[in-house]
Amino acid sequence: MSDDSDAEIELQELPLDGWHRARGGRMVPFAGYHMPVQYEGIMAEHLWVRGSAGLFDVSHMGQLQLYGEGLDEALEALIPADVRGVKLGQQKYSMLLAENGGILDDLMFARWPDSIYMVVNGAVKYDDIAHLREHLPDEITINHLDDRALLALQGPKAFEVLRRHVTGEWPLDVLVFMIGGRFEIAGVDAWISRSGYTGEDGFEISIPADAAERIADLLTAEPEVKPIGLGARDSLRLEADLPLYGHDLDPETTPIMAALNFVVASKRRRDEANFPGAERILMEREAGAASRRVGLVVAGRQPVREGATVLDASGATVGRVTSGGFAPTLGAPIAMAYVPAAMAVPGTPIRLSQRGKVHDATVAAMPFVPHRYVRGAK
């Protein structure tokens with residue numbers, strides 16, 4: 001499902017729809033919802049998150065709870081992660097795979113007591129739920145937690161802000177990158193994980209939808225926090241080498257093509273080779289994929305957008321740009337593209353064609369901006 005279909009369907013409203021509008025959020029269609037693209041401007045919001053803390057509303061994402069006898073083994077038949085090895089509170093990135101090894105969606109999942117909590121992309125969440133129901137045994141129950149909101153507090157000051165308002169059995173600093181737990185925030189029960197989509201330190205906060213406005217008010221009342229829209233979320237994730245499903249990832253792309261080899265890091269899962277597309281994915285892991293996702297720094301000031309083509313020396317099309325924009329942190333346009341393996345080496349000059357104009361670019365190591373995840377006690 002692409003975002004282009006939003007104009008043809010009835011858009012849903014986020015729990016914070018009125019809250020966004022009251023704060024000057026400019027609403028646009030995205031993933032079947034009205035969502036704020038910006039408040040005061042993408043550049044200003046991007047730089048605010050890099051220097052302070054921003055609050056993102058990501059309640060369009062699908063929040064699921066799965067439980068039942070044999071869940072770990074059943075889920076491992078659909079995703080390449082070592083589900084059995086995930087401990088209580090631990091969170092992992094993985095993906096639903098098609099039989100050909102293509103990516104149906106990328107996702108996060110975490111171990112809850114007696115269940116798995118999963119977050120999937122908003123644009124394909126109903127497809128994902130249908131896929132899970134079709135392929136998981138009848139003994140597995142799937143609850144769509146559509147009565148919950150999901151907020152992301154991101155940036156170097158996110159920890160200090162959140163610590164002022166959170167109580168629980170443990171202090172907030174027990175959470176390091178990709179670890180979560182149950183806490184209370186202003187008396188509201190919350191699942192909080194130290195994770196996000198910006199490359200910055202930060203937290204994702206799952207709360208009842210009817211408490212979303214109260215928590216959003218609480219956090220944005222802090223001087224370090226401003227509401228941030230989709231535009232800055234996109235530029236931040238692009239700088240951080242975080243691919244977006246439906247753009248950089250799709251059912252024709254394998255994890256190895258996408259330069260996400262770490263999703264098959266488990267030796268046990270590779271040895272068992274019993275996840276969808278295992279033969280192709282493991283062969284590509286050893287021999288390399290014919291095409292690979294790379295980062296590009298584009299010459300000049302004009303961004304090259306999704307849909308631009310990659311040209312070889314003869315002018316023939318050999319690849320495609322899947323994401324592109326101006327990187328405020330770098331002060332230069334950057335992009336992600338799929339190119340032939342021989343062109344995927346950092347430093348390789350690349351030519352791009354967009355609307356009949358040719359742009360020069362160079363393959364760059366990613367992330368463009370170093371991650372600032374907290375992997376040890378703060």
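The values are calculated or read from the model by the stated rules, or taken from the named source; none is laboratory data. Model, not experiment: these values are computed from the prediction. For neighbour counting, all protein chains shown are included, and Cβ atoms are generated from backbone atoms with ideal geometry for every residue, glycine included.
Being surrounded by fewer than 21 Cβ atoms within 10 Å (Cβ to Cβ), aliphatic (A, V, I, L, M) and more than 21 Å from the chain's Cα centre (by Cα) holds for only one residue in Ile140, Ile116, and it is Ile140. Looking at the stretch 331-378, the strands (runs of 3 or more DSSP E) lying wholly inside it that each contain 3 or more residues that are touching a residue at least 60 places away in the same chain (Cβ under 8 Å) sit at 332-340, 357-364.
Scanning the stretch 144-166 for residues that are over 17 Å from Pro208 (Cβ atoms), of a type outside the set (A, V, I, L, M) and either surrounded by 14 or more Cβ atoms within 10 Å (Cβ to Cβ) or free of Cβ contacts under 8 Å to residues at least 40 places away in the same chain (or both) gives Gln154, Gly155, Pro156, Lys157, Phe159, Arg163.
Among the residues of the stretch 293-316, just one is among the basic types (Lys, Arg) and crowded, with 22+ Cβ neighbours inside 10 Å, namely Arg293. Of all the residues in the stretch 338-378, those that are within 30 Å of Ile179 (Cβ to Cβ) and either among the hydroxyl-bearing types (Ser, Thr, Tyr) or modelled with pLDDT of 95 or more (or both) number 10. Counting residues in the stretch 219-228 that are part of a loop (DSSP other than H, G, I, E, B), over 18 Å from Tyr373 (Cβ atoms), within 18 Å of the chain's Cα centre (by Cα) and in the same structural domain as Pro36 (by TED's automatic domain parsing) gives one or more. Residues that are modelled with pLDDT under 95 and part of a helix (DSSP H, G or I) were ranked within the stretch 1-37; the one that is surrounded by the most Cβ atoms within 10 Å (Cβ to Cβ) is Asp6. In this structure, Glu272 does satisfy being farther than 28 Å from Val369 by Cα, outside the structural domain of Ile350 (by TED's automatic domain parsing) and charged (D, E, K, R).
Considering each of Trp191, Trp170 in turn, give the residue that is crowded, with 16+ Cβ neighbours inside 10 Å, outside any helix (DSSP H, G or I) and either basic (Lys, Arg) or in the same structural domain as Arg50 (by TED's automatic domain parsing) (or both).
Trp191
The set of residues in the stretch 141-167 being part of a loop (DSSP other than H, G, I, E, B) and in contact with a strand residue (DSSP E or B) (Cβ under 6 Å, 6 or more places away or on another chain) consists of Leu145, Gly155, Lys157, His165.
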